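What follows is calculated from the coordinates using simple rules that are stated; it is not laboratory data. Treat the numbers as computed from the prediction; the structure is a model and nothing was measured. Here Cβ is always computed from backbone atoms with ideal geometry, including for glycine, and neighbour counts include all displayed protein chains.
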Ligand code: PAF
């Protein structure tokens, strides 16, 4: 496995391989778990060369203490990537990507950037687009792999690709969960053992709401009942819990035929902000 810390070294390597090998790319912020490794495996299955980046991107954190507390486990990450058979790891310092001006560019992709995560984390998606664009330019991949746990991020990245990287294929991969349903997330390492068990309430609440919606209970009533049943604990602070149309991320107050929906949730569990989603599958 090759590990590069500078854009120059990475590009030198990439340019000598790009003509012979198709490149799959997995951007991450490290603290890797089985969800990330499933993206690496998918890329390895489809491409001759898999590149993973590990970079805790400062411009996508609207809260300085969240950035400071974000888990950093580089040596363990490199070990996991080597075991999984990743070919190249790119671990730049911020200056490599941003120079001396560590700032996000401002983008306007419409409502998709301003609702939900965009509303609760102002500037977050500008930071994500800025860094993903820089990483795509550095790695020049044929395809990129993102986890659907960050569903809104996937939509925003899909817009970036449509607008600026039309030849790049986006693979959105399923959320990987613990046996008890908790979605894998780097942030889970910050939960206490008790919080980890309580946090399964998010998955239970989404499933309960989905069941009730399918049984034609009014959508708001279904969501409120699920929140009351599974998240009624002072440890939880719900930021949003909604049914959305996955084409445009608009809140859905009724189910229309031939549309795709998902339940999305953001909820604080103690000091840790968790997000998750569940597609509404017709049965
Ligand atoms: O999902 C993440 O880990 C980050 O938002 C990403 C895509 C690596 C950009 O920093």
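Details
- Mean sequence separation of contacting Cα pairs (under 8 Å, at least six apart), scaled by the length of segment 225-264, corresponds to a relative contact order of 37 percent.
- Sum of -39500 (n - 2.57) over DSSP H runs of 4+, divided by residues of the chain (222 nm, nearest 500): -12000 deg cm²/dmol
- Descending by average beta-carbon neighbour count within 10 Å, the peptides 55-61, 10-16 line up as 55-61, 10-16, the highest first.
- Kirkwood hydrodynamic radius of segment 110-261, from the reciprocal of the average inverse Cα-Cα distance over all distinct pairs: 17.4 Å.
- Rounded D (µm²/s) - segment 217-283, Kirkwood Rh over Cα pairs, Stokes-Einstein at 20 °C, 1.002 mPa s: 168
- Listed residues 20, 204, 44, most fluctuating in the chain (Gaussian network, C-alpha, under 10 Å): 20
- P(r), alpha carbons of segment 171-283 - 10 Å bins starting at zero, rounded %: 14, 47, 31, 7, 0
- With 0.36 nm allotted per residue and the present C-alpha distance subtracted, the residue 192-residue 82 stretch has 36.7 nm of extension available.
- Both the radius of gyration and Dmax for the chain are 19.2, 58 Å, in that order, over alpha-carbon atoms.
- Set of segment 236-259 residues, backbone N closer than 13 Å to the point 7 Å along the Cα-Cβ line of residue 282: 255-259
- In degrees, nearest ten, helix 151-164 long axis to first principal axis of the chain (Cα): 40
- Among 102, 263, 255, the ranking by other beta carbons within 10 Å of each residue's beta carbon, starting with the fewest, stands as 102, 255, 263.
- Residues 182, 202, sorted so that the one with the fewest Cβ neighbours within 10 Å comes first: 182, 202
- Exposure proxy for 73, 5: other Cβ atoms within 10 Å of each Cβ, ordered fewest to most, give 5, 73.
- Taken along its three principal axes, the alpha carbon spread of segment 17-127 comes to 39, 29, 29 Å, from the longest extent down to the shortest.
- Computed log₁₀ I(q)/I(0) - Debye formula, equal Cα scatterers, no solvent, segment 150-190, q 0.16, 0.17 Å⁻¹: -0.55, -0.60
- If the convex hull is drawn through the Cα atoms of segment 70-171, its volume per residue in Å³: 127
- On Cα atoms only, tilt of 74-84 relative to the major axis of the chain in degrees: 90
- Segment 23-76 and segment 217-283: distance between their alpha carbon centers, rounded to Å: 26
- Relative contact order [Cα under 8 Å, 6+ residues apart], the chain, whole percent: 17
- The C-alpha radius of gyration of segment 86-134, expressed as a fraction of 2.2 N^0.38 Å, stands at 1.36.
- Cα→Cβ-extended label distance, 7 Å offset, between residue 158 and residue 218, nm: 3.1
- Degrees separating the helix 34-46 axis from the principal Cα axis of the chain, which is the longest one: 50
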